[in-house]
Amino acid sequence: MTQDSLIRRTPWPESASRPLGTPIQPSVVYASPDPDTLDAQYSGDQPGYTYAREGHPNADVLARKIDGLERAEGGLVLGSGMAAVTAAMMGVLKAGDHVLGGDQLYGRSLRLLGQDLPRFGIATTLADFTDIAAVEAALRPETRMILLEIVSNPTLRVADLPAIARLARDRGILLALDNTFTTPRAIRPFEHGADIVIHSVTKILAGHSDATLGYVAAKDATIRRAIYDFAVTTGLTPSPFDCWLAERGLFSFELRYDRAEENAAALAEHLSGLPGVKRVLYPTRRDHPDHNRAAALLGARGGHMVSFEIAGGRGAANRLTRGAPNIAFAPTLGDIGTTLSHPASSSHRGLTAEGRAALGISEGFFRVSVGVEEIGLLKEEFSAAIEAAREA
Ligand SMILES: *Cc1c(COP(=O)(O)O)cnc(C)c1O
């Protein structure tokens, strides 16, 4: 072969049959036949791709699937959940605007609001989203957006979404809702007044801890365009391979979610009966502080997250994770297998001990992302781990 024929792209082999699996298209760039066609593509008169940062087929295949779950239109898949949060805010807000966020948002969202947005002249405040009076008191004439997660991390408090959505609508404030914990299996935020819906696809949507991705969709086409342009300009593009993995994960999303939720409810009940467990938090349990609101908003959909607290300090916490060798102690959620996280040493390590205490997060506080294991095995594993934690 000559060098020339090595460089030239080989045409894809013809096949009368079509592949069942989704092809992966890693091409960065697309060749158009002539400038007229390229022009028409850029102006949207002809379909097709030009340059992968601006969009590629694997991202679109995945986005259309999540659009279907959320009953959204024109959602965008980005390189991470935080890319989606960032694009939703920075693509829309400007200096002088004010943003209100929940005081138990995802850790990096708290950082974005607390440290990054203020550097660009965007003022931010956090409030307890279970307390509508506190939310109303925190609003300002220049409040442009509210960032909300329905079920909070890690104490699983349930936000007063109906009241917050009403306030936002009455005052013309955009309501951005991060639906990562609840997922469209439990609730579709656009049906509850949200203007923007965000996901960390990394979590239970993709579900196998092997792809880092985000999703953002906006109801209004102008806002959608602003978010898209910001994401493309700042390069928040997802990898085609990650999109392909996530699409594969989504095939089983509803099965995994339902099984994990069933396991979570059963595990919460089991934990509540174990000696050494001080409290168990699960939204649909009668002893949960927001259980009426959870029932009204989510029905029986308590989700796949359970939190609990044991007596004792860091020593007991160390014994607990070591006593559960089959449960990954890892700061994530939504994996097909159960994972355990310890907010005091991970997501909430940046807070002072007093700050953590105010949220009810002690050294004995754990958050469980429940997976699809056989429930009997899970119960045994947790019984043994909590027993191990008790041995001083
Ligand atoms: C993980 C997570 C994020 C961030 O997603 P990444 O994909 O890790 O960037 C945002 N919000 C919530 C609620 C999350 O759990």
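The values are calculated or read from the model by the stated rules, or taken from the named source; none is laboratory data. The shown structure was predicted, so the numbers you read here are calculated from the model rather than taken from an experiment. Note that we place each Cβ from the backbone using ideal geometry, even for glycine, and neighbour counts take in every protein chain shown. We work out accessible area using only protein heavy atoms, side chains counted, and drop any ligands, DNA or RNA first. Shrake-Rupley method; radii C 1.70, N 1.55, O 1.52, S 1.80 Å.
One table, with the values for the structure above:
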read-out: Rounded accessible area of V370 (nearest 10 Å², 1.4 Å probe); value: 0 Å²
read-out: Apportionment of accessible area to carbon and sulfur, the chain, percent (1.4 Å); value: 53 percent
read-out: Among T143, A133, G249 - extreme Cα towards positive end, dipole of the chain, charges at beta-carbon; value: A133
read-out: Candidates G299, G235, G44: whichever shows maximal mean-square fluctuation once the chain is modelled as a Gaussian network with Cα springs under 10 Å; value: G44
read-out: A328 long-range amide H proximity, modeled H, under 5 Å; value: L340
read-out: The stretch 61-73 - phi-based ³J(HN,Hα) in whole Hz, Karplus 6.51/-1.76/1.60, Gly and Pro as x; value: 4, 5, 4, 5, 5, 6, 3, x, 5, 8, 6, 9, 10
read-out: Residues of type aspartates and glutamates that K65 reaches as a straight line, Cα spacing below 16 Å, ignoring anything fewer than 8 places off in the same chain; value: E73, D242, E247, E254
read-out: From phi via Karplus (6.51, -1.76, 1.60), per-residue ³J(HN,Hα) for the stretch 137-154 in Hz, x at Gly/Pro; value: 5, 7, 6, 10, x, 9, 5, 10, 8, 10, 10, 10, 10, 5, 10, 7, 10, x
read-out: D97, D60, reordered so the largest accessible area comes first (probe 1.4 Å); value: D60, D97
read-out: Between the stretch 160-229 and the stretch 316-359, the Cα center-to-center distance that results, in Å; value: 26 Å
read-out: Value of relative contact order over the chain, rounded to a whole percent, pairs C-alpha under 8 Å and six or more apart; value: 16 percent
read-out: Values of log10 I(q)/I(0), in the order q = 0.12, 0.13, 0.27 Å⁻¹, for the stretch 69-139 under a Debye, Cα-only, solvent-free model; value: -0.37, -0.44, -1.20
read-out: P(r) of the stretch 1-108 over all Cα-Cα pairs, binned every 5 Å from zero, in whole percent; value: 2, 8, 11, 15, 17, 16, 11, 8, 5, 4, 3, 1, 0
read-out: Accessible surface of Y42 - all protein chains present, 1.4 Å probe, nearest 10 Å²; value: 140 Å²
read-out: Two-decimal log10 I(q)/I(0) for the stretch 253-390, as the Debye equation yields it once each C-alpha is a single scatterer, q = 0.10, 0.12, 0.20, 0.21 Å⁻¹; value: -0.30, -0.44, -1.25, -1.36
read-out: Size of charge dipole - the chain - debye, nearest 20, with Cβ of Lys, Arg +1 and Asp, Glu -1, no other charges; value: 680 debye
read-out: Built amide H within the under 5 Å cut-off of V201, gap 5+; value: G81, L213, G214, Y215
read-out: Average accessible area per residue (Å²) across the stretch 35-250 - probe 1.4 Å, nucleic acids and ligands excluded; value: 39 Å²
read-out: Prolate/oblate/rounded call for the chain, Cα gyration tensor, a/c under 1.5 rounded; value: oblate
read-out: Accessible area of R319 in the full protein assembly, 1.4 Å probe (Å², nearest 10); value: 80 Å²
read-out: Farthest positive-ward along the chain dipole, Cα basis, beta-carbon charges - from S272, A226, S27; value: S272
read-out: Charge dipole magnitude, Cβ of K and R +1, D and E -1 - the stretch 35-250, Cα centre, debye nearest 20; value: 320 debye
read-out: Heavy-atom accessible area per residue - the stretch 253-390, 1.4 Å, Å²; value: 43 Å²
